[in-house]
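Participant: What follows is a single structure, and I will ask about it in a moment.
The values are calculated or read from the model by the stated rules, or taken from the named source; none is laboratory data. This structure is a prediction, so every number in the text was calculated from the model and none was measured. Heads up, the Cβs are rebuilt from the backbone with ideal geometry, glycines too, and the neighbour counts pull from every protein chain shown. Accessible surface is based on the protein model in full, side chains and every heavy atom, while ligands, DNA and RNA are left aside. Shrake-Rupley method; radii C 1.70, N 1.55, O 1.52, S 1.80 Å.
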Amino acid sequence: MKIRMRRLRTTEVLREAVAETRVHASQLIQPHFVIEDPRGEEPILSMPGVARFGVEKLVRRVGKDLELGLSSVLLFGLYSKKDDRGTSAYEPNNVVSTAVARLRKEFGAKLTIITDVCMCASMDHGHCGILHDGKVLNDESLPLLSAMALSHARAGADVVAPSDMMDGRVAAIRDTLDEAGFTDTAILAYSTKFASGFYGPFRDAADSAPKSGDRKAYQMDPRNGREAVRESVLDEHEGADMLMVKPALAYLDVIRAVREATNVPLAAYNVSGEYSMVKAAAKNGWIDEGRVVKEILTAIVRAGADLVITYHGTEALEKRWL
Ligand code: PBG
């Protein structure tokens, strides 16, 4: 045999030299759930190792993460007051903008602050926009999302990330930000967000489950890959600086397709259900967690993601899994 594929697999150093994919800390984004009690810390039962933090606890955690080289956060707010307009999400000094301002003051430009923009956690019905006669209204929801994004930008967010899946929201948010002078605040669009069963633990964590029905009339059908490319290209044209595919693992083909269809940086969200499945199997001793996490994050990058949002970020760096 002239060609022996095994030759280059002989030693650890050789394998390292010919490795095609590497995941670097700078590509990882750590999500956080922010609660109103500044000193609060609440473990999330469905996501072992993840807790909701008040701003003081958040600052401490982010400080430690920065030392590990983990320099991007994605913030979600939890709101004690919910109504049918999602007011808590965009009123002055809301929980997320307070956290953003504090993190910015504490860490300056060393930290990239990304905020999730969506109405579900601040709406009493748990849907991602204004609900009328059982329907989530698209155009009527855009001003609310824009107001939420603007409040984050004012507080100092680098990037706002709309996850609601209303049509035209990227353009609406871009206009609002520009008119207010925030021309440098970037938009990471959750451009391809599937109506997925993998969000289960998150809805628990963010207290954002819809009280009635589901999100299938606005989030994407998991069966559709071509539609994902259309969504992505559309968001790019509306002014998105970065795109996203979410969830990640069951959609590696979609990551690849979007990667090939556009040249904007692409993020993939390794979501709560994907995280908790790994945690549950590891707890039972069924898998080697470090190995599996490395394999998962590498696969997402190999598929074409530039950035990976993962709840495993801190642990993967701390324990040198990558
Ligand atoms: C809010 C939102 C969700 C996630 C991120 N932003 C949940 C949903 O659509 O119900 C899911 C994240 C995760 O599962 O880790 N719209």
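Participant: Among the candidates SER212, SER232, SER208, which residue alone is closer than 30 Å to ARG154 by Cα, away from the ligand (no atom under 12 Å from the Cβ) and either not aromatic (Phe, Trp, Tyr) or not in a loop (DSSP other than H, G, I, E, B) (or both)?
Facilitator: The match here is SER232.
Participant: Can GLU289 be described as more than 13 Å from the ligand (Cβ to nearest atom) and under 18 Å from VAL23 (Cβ atoms)? Reasoning before the result, please.
Facilitator: Details: more than 13 Å from the ligand (Cβ to nearest atom): yes; under 18 Å from VAL23 (Cβ atoms): yes.
Yes; evaluated as a whole, the condition is true for this residue.
Participant: Oh, and also: Hey, among the residues in the range 123-146 that are open to solvent by less than 30 Å² (accessible area, probe 1.4 Å) and in contact with an Asp or Glu (Cβ under 8 Å, 6 or more places away or on another chain), which one's nearest to the ligand (Cβ to nearest atom)?
Facilitator: CYS128
Participant: On the given criteria, is ARG85 open to solvent by 90 Å² or more (accessible area, probe 1.4 Å) and not aliphatic (A, V, I, L, M)?
Facilitator: Criteria met by ARG85.
Participant: May I ask you to list pairs of residues, at least six apart or on different chains, whose Cβ atoms are under 7 Å apart, with the first in the range 64-75 being over 11 Å from THR115 (Cα atoms) and the second being assigned to a strand (DSSP E or B) and at pLDDT 95 or above?
Facilitator: Going by the 7 Å Cβ cut-off, the qualifying pairs are ASP65/GLN30; LEU70/LEU28; LEU70/GLN30; SER71/THR112.
Participant: With ALA99, ALA180, ALA149, ALA157 as the choices, which residue is surrounded by fewer than 24 Cβ atoms within 10 Å (Cβ to Cβ) and either small (Gly, Ala, Ser) or in contact (Cβ under 8 Å) with a residue 12 or more places away in the chain (or both)?
Facilitator: ALA180
Participant: To continue, here is another question. Based on what the data block shows, is GLY239 over 17 Å from the mean Cα position of the chain (by Cα), away from the ligand (no atom under 16 Å from the Cβ), closer than 27 Å to THR185 by Cα and open to solvent by less than 40 Å² (accessible area, probe 1.4 Å)?
Facilitator: Answer is yes for this residue.
Participant: Further, regarding this structure: Considering each of ALA121, ALA161, ALA172 in turn, give the residue that is touching a helix residue (DSSP H, G or I) at 6+ places or on another chain (Cβ under 6 Å) and either assigned to a loop (DSSP other than H, G, I, E, B) or within 21 Å of LEU243 (Cα to Cα) (or both).
Facilitator: Of ALA121, ALA161, ALA172, the one residue that is touching a helix residue (DSSP H, G or I) at 6+ places or on another chain (Cβ under 6 Å) and either assigned to a loop (DSSP other than H, G, I, E, B) or within 21 Å of LEU243 (Cα to Cα) (or both) is ALA172.
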